[in-house]
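Worksheet: the structure to be examined is printed underneath.
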Amino acid sequence: MENLLDPTTDNVLMMKVKNGDIDRLGLLFERYHHRLFAFFYRLTARRDVSEDLVQGVFERILKYRHSFSDQGSFSSWLFGIARNLHIDYCNNSRPADIALDEAHLDIIAAESPDSPDHSDGNLSHLLVRRALEKLDPDKKQVLILSRYEGFKYREIAAIMNCSEAAVKVRVFRALNEMKETITAFRNQERL
Amino acid sequence: MKTVKTILLTLIATLVIFAGTSLAQEQIAVPLSNPGQPGKLSLKLVLGSIKVTGYEGNEVVIRHTDLGRGMALMNDSDNDEDREGLRRISRPASGFEVNEHNNTVTISRISPVRSVDFEILVPTRFSLTLGSVNGDYLTVENVHGDHEISHVNGNIELRDISGSAVVNTVNGNIIATFSRVTPDKPMSFGNINGRIDVTLPANTRFSTKMRSEMGEMFTDFDFNEQESGRTDEHTRNGRFRVQMNNWVIADVNGGGPEYLFRTLRGNIYLRSR
Amino acid sequence: MKHEDYSELITDYLRGTLSEAGQQQFRMLVEEGRLDISEIIELEKMYRELGTIPVPEPGSQMHQRFYAMLDQETAAMEASSTETGKTRDWLQPVINSFRSPGLAWALGMLLVGLLAGDLFTPFSNRDDKIERLSSEVYQMREILMISLLENDSPVERLRAVNVSHQIPAADTRVAEALLNTLNNDTNINVRIAAVDALVERGSSAFVRQGLVSSISRQESPLVQIALADAMIELQERSAVGQFRLLLEQETMDPNVRHKLENTIIALL
C-alpha cells in the first residue's frame, strides 16, 4: 500500500492542515497509523503503549502544525516526531514498565508458532527480540527505520537529525551489539 | 489504559414480588473513562419508564426501581389457588448489567418480564439512545447530544434538550423543546396517535416536511412554503419529484437540514422560541 | 569492531544497495581477509530474522481517539472563528465519513483519481469534462451515502438517506442500499425516510418490487403506514396481497387497520 502513496500529496495535505484545514489530518492518519503503530510496537513490544504513542504523534502534529515546512518530506517529519516521542517515553517510563516488557516478550514467545530452535545457528524471534530490546533507544530506532520502514539512509539522517555517515555507523553498531548479546545469551544457556 | 468497567448487578427482590406498593430503589454511580468528555448512554427496556436528566457531574448515576413482575404473568397460566398454602422459593429473574467503555454506558440484560423504572443523571454533554415498549413516561431533560428516542405505548417528553433528535412512538405524544440545535443535522419525529409538539429556537435554519393525515398542523414560524396540499409531478433542482397529498414542505430561515414530522391522527405544533 | 571502518559497505550490503564499485570493494576485502566472512554471514542472518518479528493489529479505539481529538480541535477552532461558510455544510458529511476507515481510503483514492484524471487530460473537451466531473461527484456521493448508512448514529443514517436525493434514480446500488436500510435499519425514523427516498425512485420496477416485498416484513405501524402511502402514490396494485397478509394479524392497532383497509380500497 505504501508504494501507492505520493509523497507530494502528503505534503499538500499537511500544508492544508497547517493552513487551518485540520480535517485533512484524517487522511494522513488513515495513511500512516498502521506504520506508526508497527514502528512503536517494534520499539516497545507493547500494544497499549504503541497505541498511546500513535495518538501522541497526532496530538503533536496538531499542536505543532505551524512548524511544518514543505521543504522536507512529510513522512520524515512524522517519524521525527515519533522518534522524539519514543525517547520521551523511554525517559519517563519506570522500571516496572520495562519489566512488563519482558513479560510481554515471553507471551510473544509462547504465542510464536515455530518453536525456538537455536541449537544449530537458527535464531529464534525471541532471541532477536531480546537483543533488540537491549539496544539503547537511538540504535533501536535507527535499525527499525532502516530495516522496516524502508527509509533511505539520507531520510533517516533527516529524521534523526544527524549525518548520513552517522546513521550507517549506528546501524552497524546496533547490529554488532545485537550479535554480541545473542552470543552472550547462548553462552549462558550452555552453562 | 481503557478499562472496561462491568458492574453486574443482581437485585435480590424479596417483598417486591407480592407488594406492588413497596418499591425498592437502588442507586449506582458509574465513573467515566474520560471525565469531562462527551459520552453516550444506551438503555432499551420492554417494561418501565425512563427519565434522564443532565447535571454538572462526571458520573452516570443510575437509580432504578423494580416494580415487580410484569408481563411474566402471560406465560404463567396458573391461578393463585394452585399455590395456596405454599411458600415461594424461587426468585424471578431480575437484575441488569451496566458497561462503561470509552464513555459509552450501556445498560443491558434487563429482564423483559420485570417492570423497572430508571431515573438517570448524566453529564450534560451526552448522546442518548433510549427505548421502551410500555412505560408511563420517557423523559429527557437538559442533555446535549445526538439523541435516539423510541417508545411504543407511551409519551416522549424532551425538555430543554439540545443537539439533534430522532424520535418515534406509536401511541403517545411527542413533546420536545430545544434550547439549541446542531446545525446541519437532520431530525425526524413520527407517531400514529398523539400530538407532535416541537419548539425550536426562532433562528433555526431548516427545511421541513410535515404531514398529518387526519390531524391539523400549526406553526408560528415564517414558512417559505414550497409545495403543499397538491398532488403533482414536477422537477425541482433538476430531480424528479412526486408530491404527495397533504405534505407541507417549506424552508425556514433560508432552509437547511430536513426535519420530518409525520403522524397519522395527531396534530402537529411547530413553535418558535 | 575493526569492521567499523567498513560500516557503510556492510550496511549497504545488508540492505542490498551496494553499488557496483562497492560490490567490487566488498569482494576484495573478503578475499584479502580484512572482512571476516563468517561474521558477515552472522549479521546477515540476524538482519533477516529482524524482518520476521510479528506485529499485531492495533485496536479500533485508536481511530476513535484520534477522531475525538480532531473533533475537539475543530470545535475549538470554530469557537475562535465566528465565520461559517456554505462549503462546510457540504463538507461536513465528508469529514464525518472519515470515521469509517474503509471509506476514507475509497474517497482518498477517488480524489487521487480525480486529480490524476485532470492532470492527464488537460486538453479534453470542456463539456466532456463537466459531464465526467458530475458523474464523479455522483460516484462520490454514492460512496459517501453507502458508508454513512453504516454509521452507528441514526442522525448520520438519516443524513445518508437525504444524500440519496442527490443521486440519479438510475443508480441501482443506491436503490439496493436504501432497500437494505428499509428492511434492516434498527431505527424506525430512518426506515421511514428510506421509504420516501425509494418512492422518488419508483420508476424502477426493482424498487417497486422491493417496496412491495418489504411490507410484510415490517413490524412497526409507522413504517407500515409510510409504505401504504408509498403504494398509493406509486399506484402499485401488487401490494394488495401483502397488505391483506398484514391485516391477518389480530393484535393490530384499530387506527392502523383502518388505514391499511383504506389503502387496499384505494389501490383496487
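Nothing in this text is a laboratory measurement; each read-out follows from the coordinates by a stated rule. These figures come from a predicted structure and were not determined experimentally. No Cβ is skipped: glycine too gets one built from the backbone with ideal geometry, and neighbour counts run over all protein chains shown.
Among B:Lys44/C:Lys259; B:Lys185/C:Lys259; A:Lys134/A:Lys168; A:Lys16/A:Lys152, which pairs are too far apart, with a Cα-Cα distance over 22 Å? Intermediate results must be reported in sequence, preceding the final value.
Numbers: B:Lys44/C:Lys259 29 Å; B:Lys185/C:Lys259 31 Å; A:Lys134/A:Lys168 19 Å; A:Lys16/A:Lys152 27 Å.
Too far apart for the 22 Å limit: B:Lys44/C:Lys259; B:Lys185/C:Lys259; A:Lys16/A:Lys152.
If you take every residue apart from C:Gly22 with its C-beta less than 9 Å away from the C-beta of C:Gly22, what net charge results, scoring Lys and Arg +1 and Asp and Glu -1?
Cβ neighbours under 9 Å give a net charge of -3.
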Checklist outcome for this item: With x for Gly and Pro, the residue-by-residue ³J(HN,Hα) of the range B:120-129, computed from phi through the Karplus equation 6.51 cos²θ - 1.76 cosθ + 1.60 at θ = phi - 60° and given in whole Hz, is 10, 9, 10, x, 4, 8, 9, 9, 10, 10
Next on the checklist: Net charge within 12 Å of C:Ile188 by Cβ-Cβ distance, Lys/Arg positive one each and Asp/Glu negative one each, not counting C:Ile188 itself?
Outcome noted: 0
Checklist entry - Considering the alpha-carbon set of the range A:1-93 alone, what are its Rg and its Dmax in angstrom? => result 13.0, 37
Checklist entry - Rounded, prolate or oblate: which one fits the range B:99-157, using the alpha carbon gyration tensor with axes a ≥ b ≥ c (rounded when a/c is under 1.5, else prolate when a/b beats b/c, else oblate)? => result oblate
